[in-house]
Amino acid sequence: MHTRLLAPVFLAVAIPTLASDATFGKLPPGAISTNVVTDVSAEICRDHLFAPSLIVARLPKDYRLILAAEYAREDPGVADLIKSNARYSTYAVGSLCFMSVGSFVVDGVRVHSTGPTPMAFWWVHAAGPRDSRMQGKVDWLQLASWYSRDVIQREKILETDPMALFVDLSMMQVEPGLWRMRLELPNEAIEAEVRGSGQRKKRNAPQPGFMSVPFTGESAGSFWVITYFGHHHQPAKGQWRAKGAGVFSDALQIPGEASVFRTSFQDGWSALSGRYSPVR
């Protein structure tokens, strides 16, 4: 779960016993659907810049994207990219994440077969009004989310994530510390090979944590409230490629962007999330 960032999703019926003294925080009442993710063996993310005109989904009311010019005030690397080409100042700052999840349970139902299941999501930095039920920071909007075609409970996933798309998606640990991912989209395919190295460290933050993530498009106005714990970080290096004509192909072709946006690797976390509808 991208906590710098954080990732989406996750039970109301029974929360499994977890090998930790930490527990989930309390969600606000009124969730339409709840779900839990545990046994996350890897969450691998890559930030990037992209032109906001490429977003066709409707944003929630009164939300705005945090453009690179604003983001660069606290990120010298992004500031350097803008110096190299002023047009990047008007770009949005997104993050593409892949996850390998050992257990994904929606409203008490496991939605995938035995073994881990891959997920991927695309978020963008944004700012806007808070709903009174939101908890934690509200720094991101969800632009897209993808699940494997092989999941066995698509309807349950759509109850908790109405933006879910089911695609050719893979994430495999091919040897200790080495991961390969692939995401097939209509106009492009994204591939990555990522190796974790160095010391694995527990995230230095109070537990449990909270964050809220609004949806976009037809689901604009709805949002997740997520409570989580157990994140560990590890240094990683990644080779990212995109073939085709799309957002990620464009983003990875920006000169110098690979030295600014490094690969992020996290594991070991658990997350409980509730989906909330807009107040009518």
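The values are calculated or read from the model by the stated rules, or taken from the named source; none is laboratory data. It should be emphasised that the depicted structure is a prediction, and the values quoted were computed from it without experimental measurement. For neighbour counting, all protein chains shown are included, and Cβ atoms are generated from backbone atoms with ideal geometry for every residue, glycine included. Accessible surface is based on the protein model in full, side chains and every heavy atom, while ligands, DNA and RNA are left aside. Shrake-Rupley method; radii C 1.70, N 1.55, O 1.52, S 1.80 Å.
Only a single item in (1) on the phi > 0 side of the Ramachandran plot; (2) open to solvent by 20 Å² or more (accessible area, probe 1.4 Å) is not met by Gln207, and it is number (1). With respect to (1) out of contact with any Gly (no Cβ under 9 Å at 6 or more places or on another chain); (2) open to solvent by less than 60 Å² (accessible area, probe 1.4 Å), the lone exception for Ala31 is condition (1).
Checked against (1) farther than 19 Å from Arg275 by Cβ; (2) open to solvent by 10 Å² or more (accessible area, probe 1.4 Å), Phe98 meets all criteria but (2).
For region 210-233, give me each residue that is within 15 Å of Gly177 (Cα to Cα) and either hydroxyl-bearing (Ser, Thr, Tyr) or open to solvent by less than 50 Å² (accessible area, probe 1.4 Å) (or both).
Taking region 210-233 and keeping what is within 15 Å of Gly177 (Cα to Cα), we get 232-233.
Once the filter is applied, which keeps residues that are within 15 Å of Gly177 (Cα to Cα) and either hydroxyl-bearing (Ser, Thr, Tyr) or open to solvent by less than 50 Å² (accessible area, probe 1.4 Å) (or both), region 210-233 yields only His232.
When you look at Gly274, is it modelled with pLDDT under 95 and either buried (at least 17 other Cβ atoms within 10 Å of the Cβ) or at positive phi (or both), yes or no? No.
In region 111-131, which residues are over 18 Å from Pro214 (Cα atoms) and surrounded by fewer than 16 Cβ atoms within 10 Å (Cβ to Cβ)? Once the filter is applied, which keeps residues that are over 18 Å from Pro214 (Cα atoms) and surrounded by fewer than 16 Cβ atoms within 10 Å (Cβ to Cβ), region 111-131 yields Ser113, Thr114, Gly115.
Please specify each residue of region 231-280 satisfying the condition of being closer than 15 Å to Glu43 by Cβ and of a type in the set (D, E, K, R). Once the filter is applied, which keeps residues that are closer than 15 Å to Glu43 by Cβ and of a type in the set (D, E, K, R), region 231-280 yields Arg262, Asp267. Please find, among Ala220, Ala205, Ala271, the residue that is hydrophobic (A, V, I, L, M, F, W, C) and farther than 27 Å from Leu59 by Cα. Ala205 is the lone residue from the list that is hydrophobic (A, V, I, L, M, F, W, C) and farther than 27 Å from Leu59 by Cα. Among the residues of this structure, Asp250 counts as one that is in contact with a helix residue (DSSP H, G or I) (Cβ under 9 Å, 6 or more places away or on another chain), under 21 Å from Trp146 (Cα atoms) and either modelled with pLDDT under 95 or not aliphatic (A, V, I, L, M) (or both).
The residue of region 237-255 that is farthest from Gly196 (Cα to Cα), among those that are part of a strand (DSSP E or B) and open to solvent by 80 Å² or more (accessible area, probe 1.4 Å), is Lys243.
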